[in-house]
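Notes for the one structure printed next.
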Amino acid sequence: MTELELGPVWLSLQLATVTVIVLLALATPLAWWLAFTRSRTRTVVEAIVALPLVLPPTVLGFYLLVLLGPAGAIGRFWVQMTDSTLTFSFIGLVVASVIYSFPFTVQPLQAAFEGVGKAPLEAAATLGANPFDAFLRVASPLALRGYVSAIVLTFAHTLGEFGVVLMVGGNIPDRTKVISIAIYEHVETLRYTQAHVLAACLLAFSFIVLLSVYMLNRRMPLVRT
């Protein structure tokens, strides 16, 4: 690869890493609530979480562009606080990626927590563990399969984003030009060799990610309560 092509790769890896960290912090409590709540709003929340799976990326990207832009509610507040825009910035890409990849983190965690069930938590409570200790020392280790799937799938999904990041971030070298946008630019300018290299890397990475998830899921014991 040339030096020019390494910029989008490095930026994509940074974006995917930050997105995974932010989503684990946000999705874990929500997935826990969805796994055990009896609230009537659960179905509505689940539908909202899953919306990015069926919504065209350009539609989601358009509304994020409106919301995060200088005239939008969030974007205007951000400009007032930081004197910079959320759109066409790395932070804006992170916000867009977090929203777009939300179901890829929440759903595996929710399924893992549902598999853990309440019995191990109740057993831990009888031994004197408070709810937070029970979550850290009992539920989280038992839900390790879900955490692995969530991390790997979210990371891979973020690397392959195109429509959302293009709408929110545009194509600014070293700021918002990620791998998918670089591939599009190479094709648009008829530089198919460079496009092949980046596309092949993404294809190989995606296959390795899926293969790793399936192998890890087979090796990790299935939680039964």
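The values are calculated or read from the model by the stated rules, or taken from the named source; none is laboratory data. Given the structure is predicted, the values throughout are model-derived calculations rather than measurements. Counting neighbours? That spans all protein chains shown, and the Cβs are built from the backbone with ideal geometry, glycine included.
Annotation note: Cβ proximity below 9 Å between a residue of the stretch 30-47 that is without any contact (Cβ under 8 Å) to a residue 40 or more places away in the chain and a residue that is acidic (Asp, Glu) and not in a helix (DSSP H, G or I) (sequence gap 6+ or interchain) occurs for no pair.
The single condition among (1) modelled with pLDDT under 90; (2) closer than 19 Å to residue 99 by Cβ that residue 132 does not satisfy is (2).
Taking the stretch 117-129 only, how many residues are surrounded by fewer than 18 Cβ atoms within 10 Å (Cβ to Cβ) and assigned to a helix (DSSP H, G or I)? Steps first, answer last, please.
First, the residues of the stretch 117-129 that are surrounded by fewer than 18 Cβ atoms within 10 Å (Cβ to Cβ): 117-120, 122-123, 125-129.
Subsequent filtering for residues that are assigned to a helix (DSSP H, G or I) retains 119-120, 122-123, 125-126.
The total comes to 6.
Name the single residue, out of those in the stretch 198-218 being touching a residue at least 24 places away in the same chain (Cβ under 8 Å) and over 19 Å from the mean Cα position of the chain (by Cα), that is surrounded by the most Cβ atoms within 10 Å (Cβ to Cβ). For the stretch 198-218, the residue satisfying everything is 198.
Residue by residue, here is whether (1) surrounded by 14 or more Cβ atoms within 10 Å (Cβ to Cβ); (2) in a helix (DSSP H, G or I) holds:
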| site | (1), (2) |
| --- | --- |
| 115 | yes, yes |
| 137 | no, yes |
| 158 | yes, yes |
| 167 | yes, yes |
| 174 | no, no |
| 185 | yes, yes |
| 190 | no, no |
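Of all residues in the stretch 68-93, exactly one satisfies the criterion of being in contact with a helix residue (DSSP H, G or I) (Cβ under 6 Å, 6 or more places away or on another chain), assigned to a helix (DSSP H, G or I) and surrounded by fewer than 19 Cβ atoms within 10 Å (Cβ to Cβ), namely 74. Residues in the stretch 9-20 that are modelled with pLDDT of 90 or more and surrounded by 14 or more Cβ atoms within 10 Å (Cβ to Cβ): 11, 12, 13, 14, 15, 16, 18, 19, 20.
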